[in-house]
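Novice: Shown below is the structure under consideration.
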Amino acid sequence: MRFNEKELISLSRQPSERAAELGMRGPKKGDVVKRRLVKLVVNFLFYFRTDEEEPQGALLLEQCRVEREDSLAFSITFLDEAERKYLFECDSQEQCQEWIDSIIKASYEFMRKNLIFYRTEIHRLTGKDPLEQYGIEDETRFQVTSGLHLMPKDI
Amino acid sequence: MKIHEKILTHYLSCTSPIDKEGYLYKKKERTSSYQRRWFVLKANLLFYQERPADRHLLGVIVLEGCAVQRCESEGGLFAFSMVFRGSGLKTYGLAAEDQLGQESWVKALLTASHCYLSLLVRDLGKQYEEAKRQAGPAESHQRTTVTGPGSMCLTQSMTYLNSCSSSFLMPGPARREGGSHSASNVLQAPPIPSKVINKRSPKHWPKRNAHVTPINGPAPPYGEWPQVDFDPLEDFTKLHDYYGEEVKQLRADWLRRRQEEEEHLEEDLIDLSEH
């Protein structure tokens, strides 16, 4: 499958939400922990070999499960398969928790849910759909999933 | 660089909603011929394959850091491009079969980036806090009405628009102008911030939402109105007005074009060879 590699690499060079050198272990049997520069940019987790400019890989942080493994480590599981579980080792408990929170919040789907919540609530409280002012109320991606159509409140 | 294809394809096929899908023509690289492809937009990812039923994905385009730009009609197709900012980065040439398709795809692609959604969520979060505060104790007495888009905001954003250069969203001198804005057709997703995303707690965000104006109270002091020179990334309202203007412009152009329409020579733009 083709992808816009150069553009993704360029993205990986942008200022990130969170970046640190962590211990990283791949999902396969026999994979060992290696030091990697791990960088969270939008909903991608890039990881670099510590002396390299170009990322070794990019993990899309959607449809994945982030879990605390022990006091210093967390894991990300993709496709609900144990064979796709990546382990990350941090330097402190606090750092570990911060990474977990950041990764969860970086997911596009997570942000979409928040948006829908705010949209619904603002409408309930004010009678107005906040997306109308931006002309994006009909965009599929912002639809309230229950299928309820937001009607203006009678004043 | 490894992209972990299976993770992407899994995301594509999972239950979360598809944001847009349909046939578009994609320009073959380094040529000017188009190939018809089935595109699926989900989050900030644009997947494409030959046909809807195909299992095999041809490719994916990650939509961060690109500007969506309408192009001149080519042989009856309504073209637009995705221009990635940065030296050596690609420009994807796409085209829809009709104006409506072009308009709706451009709009969908403009609102697709993670960056955009992040700003929108932040903005709505502020509006939500404000709405909660206002709906608070004395809801029956204080009838605060929410102003519409607001002539104030729109004018401010128009002056902002007028001062935009074609490549970057830059603040400029305030000019009160209705009418047509800069001829630029370039629409930018915001540049990725040069500083880490603002992580101040909501309590510390300045109250700058001019959309919620209490009718029975005094006008907010100057400091609370949106400033003209601001970082576009910090105020989603203006970013959005900017996009909104482009969509309006698209529509105006379409109406004009319909009136002026002449027949085009038909060229065989569809290349049936392998991509």
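The values are calculated or read from the model by the stated rules, or taken from the named source; none is laboratory data. Remember, it's a predicted structure, so these values are computed and weren't measured experimentally. Glycine gets a Cβ as well: all are built from the backbone with ideal geometry, and neighbour counts include every protein chain shown. Accessible surface is based on the protein model in full, side chains and every heavy atom, while ligands, DNA and RNA are left aside. Shrake-Rupley method; radii C 1.70, N 1.55, O 1.52, S 1.80 Å.
Novice: So B:Glu139 ticks every box in (1) over 27 Å from A:Thr126 (Cα atoms); (2) at pLDDT below 95; (3) surrounded by fewer than 22 Cβ atoms within 10 Å (Cβ to Cβ) but one. Which box is left unticked?
Specialist: Among (1) over 27 Å from A:Thr126 (Cα atoms); (2) at pLDDT below 95; (3) surrounded by fewer than 22 Cβ atoms within 10 Å (Cβ to Cβ), B:Glu139 violates only (1).
Novice: Here is a further query. How many residues does the range A:37-77 contain that are within 16 Å of B:Ile3 (Cβ to Cβ), of a type in the set (D, E, K, R) and open to solvent by 10 Å² or more (accessible area, probe 1.4 Å)?
Specialist: Total satisfying the criteria: 2.
Novice: If the Cβ limit is 7 Å and pairs must be 6+ apart or interchain, which residue in the range A:107-122 that is in contact (Cβ under 8 Å) with a residue 40 or more places away in the chain pairs with which residue that is not in a loop (DSSP other than H, G, I, E, B)?
Specialist: A:Tyr108/B:His114; A:Tyr108/B:Leu117
Novice: Something else: Have a look at B:Phe80, B:Phe47 and point out the one that is away from chain A (no Cβ under 12 Å), open to solvent by less than 10 Å² (accessible area, probe 1.4 Å), closer than 27 Å to A:Val42 by Cβ and not β-branched (Val, Ile, Thr).
Specialist: B:Phe80
Novice: Could you list, in sequence order, all residues of the range A:37-67 that are facing chain B (nearest Cβ under 8 Å) and assigned to a loop (DSSP other than H, G, I, E, B)?
Specialist: Across the range A:37-67, the qualifying residues are A:Val42, A:Asn43, A:Glu54, A:Pro55, A:Gln56, A:Glu62, A:Gln63.
Novice: Quick one: count up the residues across the range A:111-137 that are open to solvent by 70 Å² or more (accessible area, probe 1.4 Å) and either modelled with pLDDT under 90 or in contact with a helix residue (DSSP H, G or I) (Cβ under 8 Å, 6 or more places away or on another chain) (or both).
Specialist: The qualifying residues number 1.
Novice: I'm trying to understand the selection: among the residues of the range A:68-96, which are part of a strand (DSSP E or B), without any contact (Cβ under 8 Å) to a residue 40 or more places away in the chain and hydroxyl-bearing (Ser, Thr, Tyr)?
Specialist: Of everything in the range A:68-96, those that are part of a strand (DSSP E or B), without any contact (Cβ under 8 Å) to a residue 40 or more places away in the chain and hydroxyl-bearing (Ser, Thr, Tyr) turn out to be A:Ser75, A:Thr77.
Novice: Would you be able to tell me the number of residues in the range B:18-35 that are touching a residue at least 60 places away in the same chain (Cβ under 8 Å) and assigned to a strand (DSSP E or B)?
Specialist: 9
Novice: So which residues in the range A:106-126 are within 20 Å of B:Ala135 (Cα to Cα), out of contact with any Gly (no Cβ under 8 Å at 6 or more places or on another chain) and facing another protein chain (nearest Cβ under 8 Å)?
Specialist: A:Leu115, A:Arg119, A:Glu121, A:Ile122, A:Leu125, A:Thr126
Novice: For the range A:25-36, indicate whether the set of residues that are surrounded by 21 or more Cβ atoms within 10 Å (Cβ to Cβ) and more than 9 Å from chain B (Cβ to nearest Cβ) is non-empty. Can you show your working first?
Specialist: As a first pass, look at the range A:25-36 and keep what is surrounded by 21 or more Cβ atoms within 10 Å (Cβ to Cβ): A:36.
Remaining after also requiring more than 9 Å from chain B (Cβ to nearest Cβ): A:36.
Checking the range A:25-36: at least one residue is surrounded by 21 or more Cβ atoms within 10 Å (Cβ to Cβ) and more than 9 Å from chain B (Cβ to nearest Cβ).
Residue by residue, here is whether (1) assigned to a helix (DSSP H, G or I); (2) facing chain A (nearest Cβ under 10 Å) holds:
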{"residue": "B:Gly101", "(1), (2)": "yes, no"}
{"residue": "B:Trp105", "(1), (2)": "yes, no"}
{"residue": "B:Ala108", "(1), (2)": "yes, yes"}
{"residue": "B:Ala112", "(1), (2)": "no, yes"}
{"residue": "B:Cys115", "(1), (2)": "yes, yes"}
{"residue": "B:Ser118", "(1), (2)": "yes, yes"}
{"residue": "B:Val121", "(1), (2)": "yes, yes"}
{"residue": "B:Lys126", "(1), (2)": "yes, yes"}
{"residue": "B:Glu130", "(1), (2)": "yes, yes"}
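Novice: Further question on the same structure: If we keep just the residues of the range A:1-36 that are free of Cβ contacts under 8 Å to residues at least 24 places away in the same chain and part of a strand (DSSP E or B), which is nearest to the chain's Cα centre (by Cα)?
Specialist: Checking each candidate, the answer is A:Ala19.
Novice: Condition test on B:Thr15, is it within 27 Å of B:Leu120 (Cα to Cα), surrounded by fewer than 18 Cβ atoms within 10 Å (Cβ to Cβ) and either more than 8 Å from chain A (Cβ to nearest Cβ) or without any contact (Cβ under 8 Å) to a residue 40 or more places away in the chain (or both)?
Specialist: Values: within 27 Å of B:Leu120 (Cα to Cα): yes; surrounded by fewer than 18 Cβ atoms within 10 Å (Cβ to Cβ): yes; either more than 8 Å from chain A (Cβ to nearest Cβ) or without any contact (Cβ under 8 Å) to a residue 40 or more places away in the chain (or both): yes.
Against the criterion (within 27 Å of B:Leu120 (Cα to Cα), surrounded by fewer than 18 Cβ atoms within 10 Å (Cβ to Cβ) and either more than 8 Å from chain A (Cβ to nearest Cβ) or without any contact (Cβ under 8 Å) to a residue 40 or more places away in the chain (or both)), B:Thr15 qualifies.
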